[in-house]
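J.: Starting off with a structure, shown below.
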Amino acid sequence: MVRFVLFCFVLFCFVLKTESQNLVPNPSFETYNSCTNILINSADGWCTVANQVANCAHLHPCHSDTYTQAPLQYLDNCFKSYQMPHSGIAYAEFGMSISASQQEGARPMIKLIDTLETGKIYCVTYYISMWNNAKYSFDKLGALLTPTPFPCSTPGGTVFPSIAGQYTPQVVTTPGIVFEDTLGWEEVSGTFTAVGDEAYLTLGDFFLHSQHLIKNSYPTNCNGLAEYYIDDVSVEVVEIVKARNDTLINQGDSVIVGNNASEAALFSWQPTVGLSCINCQNPKASPSVTTTYTVTKTQCKAVTSDVITVTVSPVGVDELANANGIKISPNPATDVLNIDISTSLDITKELSVKITDILGKELVLTDYQNQINISPLDTGIYFVSILQGNKTLVTKKVIKQ
């Protein structure tokens, strides 16, 4: 019986880019509509959600403004930073002011390619790096998916109601762990089950200052902000790992045991004996004895498992049957099996016929006869053995239709 187990774990896991569809258009901010507009809406599809003047920026080598060029930004000595993109040549920026009067940060938002499907599990991932001259860092970054968009803000435009502390994001990082790496990129990721109406993705900070751990990571920095780069945003469905149905092989044969699409999540097969590979999607198994294999797949924070039992016939049945001059037919069979012996075997010496199922349960044991009635047996796979005393002369796999 094929089964799966789904559970989530709280430690970050490595997630490779997969061939499954990313529902975020322009995920790394590469395509753009302007090299003079420094705001994130110059990156196709993106805009800023904020209730005050703060806005997210688009950082690209084409920009004429030195503050939003990539990889080096410079406005003055308090607003300068450097970071290579996580991928491609562009990225974006978001953050918040650490001020009692300003509880609202700036958040990137985009419409997904498709609305999420009810009951499916999705993985949200994005990568951040703290600005070099930012003074503060904070915890609990998240991802909020909504059926309708928030208003997109522009400098000097309408002040919209605050959303800080008003929503619970589906994905949120571990409280108490701040993001303060200015050299590398840190992953924000998590999974959730979709309601089925989610069509817009908003990223960043969704909490009041009092709900955060805010750390003065770099006290000598002078801009007084908590500011982050963001790159490589993805929303992908979590595909549950699949093993093939339980199967039977002859000793010395092999069979493909996985049934997974070509995707670069993390796979692990146990036990390893008889497998062509242990970390691929669909290895070939050549066990010498009946073996149950378990496959585990890690995608984002979701881990799924499945099992397959490969039953091994104790002999190479067709070859032994030919060698002994014993023929069992037809195969597949419906009602009757014919057993023909064309050798010098003395059929008077304790010959018998045994039929077992693939789990080894004995169903029929009778004295040798040319025809065996199998009509009472259920449809499936069986082993038919010819015995002489306690010695098995031949065993053949037979399919009952």
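The values are calculated or read from the model by the stated rules, or taken from the named source; none is laboratory data. As the structure is a computational prediction, the values presented were derived from the model and not from experiment. Methodologically, a virtual Cβ is constructed for each residue, glycine included, from the backbone with ideal geometry; neighbour enumeration extends over all protein chains shown.
J.: Count, please, the residues in the stretch 23-63 that happen to be free of Cβ contacts under 8 Å to residues at least 24 places away in the same chain and in a loop (DSSP other than H, G, I, E, B). Working first, answer last.
T.: Taking the stretch 23-63 first, the residues free of Cβ contacts under 8 Å to residues at least 24 places away in the same chain are 31, 33-34, 37, 42, 44.
Filter again for in a loop (DSSP other than H, G, I, E, B), leaving 31, 33-34, 37, 44.
Result for the stretch 23-63: 5.
J.: How many residues, within the stretch 99-111, are surrounded by 18 or more Cβ atoms within 10 Å (Cβ to Cβ) and either of a type outside the set (Asp, Glu) or modelled with pLDDT of 95 or more (or both)? Let's see the steps before the verdict.
T.: Kept after step one, since they are surrounded by 18 or more Cβ atoms within 10 Å (Cβ to Cβ), are these residues of the stretch 99-111: 103-110.
From what's left, either of a type outside the set (Asp, Glu) or modelled with pLDDT of 95 or more (or both): 103, 105-110.
So the answer is 7.
J.: Can you tell me how many residues within the stretch 138-165 are more than 30 Å from the chain's Cα centre (by Cα) and either touching a residue at least 12 places away in the same chain (Cβ under 8 Å) or surrounded by 14 or more Cβ atoms within 10 Å (Cβ to Cβ) (or both)?
T.: Within the stretch 138-165, the first condition is being more than 30 Å from the chain's Cα centre (by Cα), and the residues that meet it are 151-165.
Filter again for either touching a residue at least 12 places away in the same chain (Cβ under 8 Å) or surrounded by 14 or more Cβ atoms within 10 Å (Cβ to Cβ) (or both), leaving 151-156, 159-165.
Looking only at that region, the number is 13.
Residues checked against (1) over 23 Å from Val310 (Cβ atoms); (2) in contact (Cβ under 8 Å) with a residue 60 or more places away in the chain; (3) in a loop (DSSP other than H, G, I, E, B); (4) out of contact with any strand residue (DSSP E or B) (no Cβ under 8 Å at 6 or more places or on another chain):
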| site | (1), (2), (3), (4) |
| --- | --- |
| Ile177 | yes, no, yes, yes |
| Asp197 | yes, yes, yes, yes |
| Asn221 | yes, yes, yes, yes |
| Glu227 | yes, yes, no, no |
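J.: Based on what the data block shows, is Ser210 more than 26 Å from the chain's Cα centre (by Cα) and loosely packed, with under 15 Cβ neighbours inside 10 Å? Talk me through it step by step, then tell me what you get.
T.: Values: more than 26 Å from the chain's Cα centre (by Cα): yes; loosely packed, with under 15 Cβ neighbours inside 10 Å: yes.
Against the criterion (more than 26 Å from the chain's Cα centre (by Cα) and loosely packed, with under 15 Cβ neighbours inside 10 Å), Ser210 qualifies.
J.: Yes or no: Pro61 surrounded by fewer than 15 Cβ atoms within 10 Å (Cβ to Cβ) and within 19 Å of Thr202 (Cα to Cα)?
T.: Numbers: surrounded by fewer than 15 Cβ atoms within 10 Å (Cβ to Cβ): yes; within 19 Å of Thr202 (Cα to Cα): no.
When the stated conditions are applied, Pro61 does not pass them.
J.: Which strands (runs of 3 or more DSSP E) does the stretch 260-357 wholly contain that include 3 or more residues that are at pLDDT below 90, closer than 19 Å to Asp246 by Cα and of a type in the set (Ser, Thr, Tyr)? Outline the logic, then answer.
T.: Values: elements: 266-270, 291-299, 302-313, 326-329, 336-341, 351-357.
Answer list for the stretch 260-357: 302-313.
J.: Select from the stretch 116-137 the residues that are assigned to a strand (DSSP E or B) and of a type in the set (Ser, Thr, Tyr) and write down the one among them that is surrounded by the most Cβ atoms within 10 Å (Cβ to Cβ).
T.: Residues of the stretch 116-137 assigned to a strand (DSSP E or B): 121-130, 136-137.
Checking which are of a type in the set (Ser, Thr, Tyr) leaves us with 122, 125-127, 129, 136-137.
Details: Tyr122: 25, Thr125: 24, Tyr126: 27, Tyr127: 22, Ser129: 23, Tyr136: 24, Ser137: 22.
Per the criteria, the residue is Tyr126.
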